[in-house]
Amino acid sequence: MAVNAIPLHSDDFLVELDDLLFQVCEELQLPPYRYRQAEERYRAVAAVLEATGSFFATLAPKIYPHGSMRLGTTVRPVGGPHDLDFVLELSTPYQNVNPMKLIDALFAVLKDNGVYKEMVDRKNRCVRIKYADEFYLDILPACKDHGSGGTCVQVPDRRAKFWKPSNPIGYANWFQWQAELGTRFLLEKAMPLPAQQRTEEKRPMQLIVQLLKRWRDIYYGGNDFAPISIVLTTLAATHYKGEQSVSDGLLAVLSRIAGAIAVAERQGIRLVVCNPSNTAEDLSECWDEDPDAYGMFTSGIKDFAAQWGRLLARGGDVNGELDRLFGETVQLVRVKQARRLQEARKAGMLGIDAVGRITTASAGVTPLRPNTFHGD
């Protein structure tokens, strides 16, 4: 459906742009049915791993989600599978366990199950369950790291053939505090997925992360140079300083990330992105093996920061640029805007506000006369 561009008026440019970005993020949300499907599958797998007689049942397993569904930053995939990440944490100290045997044991338990036996695959640090409908679950086994304290764990790494430090619980808590979302959470046995947040319930930082991830999907087109979500999420949360405007906040975050890249360049090193809740975990270590990917990341962030800065400085009709940055989701938003305005016009609920914008009628809005022209 072709839709004329809806220009953003200079008087309230940032307000209208924030509203448009809000609606883009709403479109990026997983549909509720997909979210419910993810929770059902997560619970089913958790029940298998916790069942009496399971290899893991005697090791006091805690099973909990991590990643974008835990953080409220899910983004509808562009032509690819949706994934749900969760952790199988065992109470035993990691020093008592062979990391390769642990990941093999997880694979074996699922492979021996009649439901999952044809769906499982080993990855570097997790076991993946692939579903037929472009959906997969990644299960990360972990053991307690008492030496590092708190909620720190160690996870097996098949390439290193050893343990790697991590802290999924601590990371989620840190992210929530950064976003000013509130309280910490306790984990006992299988923690349910959090209820899906409505877009209006999210903090600006969560929306900024969603926009960064969608820009990544469009800019890199799904190639191997695309930065992983945990790196973008950590950088955004680290450099977010409480901005309440999503458009201003996005520019501030991009500018600060570009500044951090520049500092690293002057020092002759790459930007290092660590887990703030366990700094022994380098979330960006993949760049050591692929310096070209790091170069593509830095040039991409610099380009995005420059484009977004010019867009905010210029104002006016920026729909074409938004299309290029965030893809067809912007067009979907404009289609829905046009339909809402058309429905409001038919219902006699359309008006003009104080700065001349056509909007739905409310206090302070002058109603428009209904369109009585019925010719061709």
Hits in segment 78-99 - residues which are of a type outside the set (Asp, Glu) and surrounded by 15 or more Cβ atoms within 10 Å (Cβ to Cβ): HIS82, LEU84, PHE86, VAL87, LEU88, LEU90, TYR94, VAL97, PRO99
Scan of segment 130-161 for residues that are in a strand (DSSP E or B) and under 21 Å from SER277 (Cα atoms), ordered by number: ILE139, LEU140, PRO141, ALA142, CYS143, LYS144, VAL153, GLN154, VAL155, PRO156, ASP157
Selection count where residues are surrounded by 15 or more Cβ atoms within 10 Å (Cβ to Cβ) and part of a helix (DSSP H, G or I), scope segment 280-302: 9
Segment 67-77 - residue that is buried (at least 20 other Cβ atoms within 10 Å of the Cβ) and in contact with a helix residue (DSSP H, G or I) (Cβ under 7 Å, 6 or more places away or on another chain) and, of those, farthest from ASP145 (Cα to Cα): VAL75
Subset of segment 239-291 (residues that are over 20 Å from LYS302 (Cα atoms) and either of a type in the set (A, V, I, L, M) or in the same structural domain as GLN176 (by TED's automatic domain parsing) (or both)): ALA280, LEU283
Residues that are more than 20 Å from the chain's Cα centre (by Cα) and either aliphatic (A, V, I, L, M) or at pLDDT 95 or above (or both), drawn from segment 76-92: LEU88, GLU89, LEU90
Long-range neighbours under 8 Å by Cβ, at least six apart or interchain, first residue closer than 14 Å to LEU90 by Cα and surrounded by 11 or more Cβ atoms within 10 Å (Cβ to Cβ) within segment 146-162, second of a type in the set (Phe, Trp, Tyr) and at pLDDT 95 or above: VAL153/TYR94; GLN154/TYR94; GLN154/TRP163; VAL155/TRP163; PRO156/PHE162; PRO156/TRP163
Where LYS117 falls short, out of the listed (1) in a strand (DSSP E or B); (2) out of contact with any strand residue (DSSP E or B) (no Cβ under 9 Å at 6 or more places or on another chain): (1)
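Say whether the condition of being β-branched (Val, Ile, Thr), part of a loop (DSSP other than H, G, I, E, B) and over 19 Å from the mean Cα position of the chain (by Cα) is met by at least one residue in segment 272-279. Walk me through how you get there before you give the answer.
Initial filter on segment 272-279 (β-branched (Val, Ile, Thr)): 272-273, 279.
Now narrow it down to the ones that are part of a loop (DSSP other than H, G, I, E, B): 272-273.
Applying the additional criterion that residues be over 19 Å from the mean Cα position of the chain (by Cα) yields 272.
The answer is yes, given that some residue of segment 272-279 is β-branched (Val, Ile, Thr), part of a loop (DSSP other than H, G, I, E, B) and over 19 Å from the mean Cα position of the chain (by Cα).
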Candidate set: segment 45-59, residues that are loosely packed, with under 14 Cβ neighbours inside 10 Å, in a helix (DSSP H, G or I) and of a type in the set (Gly, Ala, Ser); chosen: the one nearest to the chain's Cα centre (by Cα): ALA47
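The values are calculated or read from the model by the stated rules, or taken from the named source; none is laboratory data. Note that the structure is predicted; figures quoted are calculated from it, not measured. Here Cβ is always computed from backbone atoms with ideal geometry, including for glycine, and neighbour counts include all displayed protein chains.
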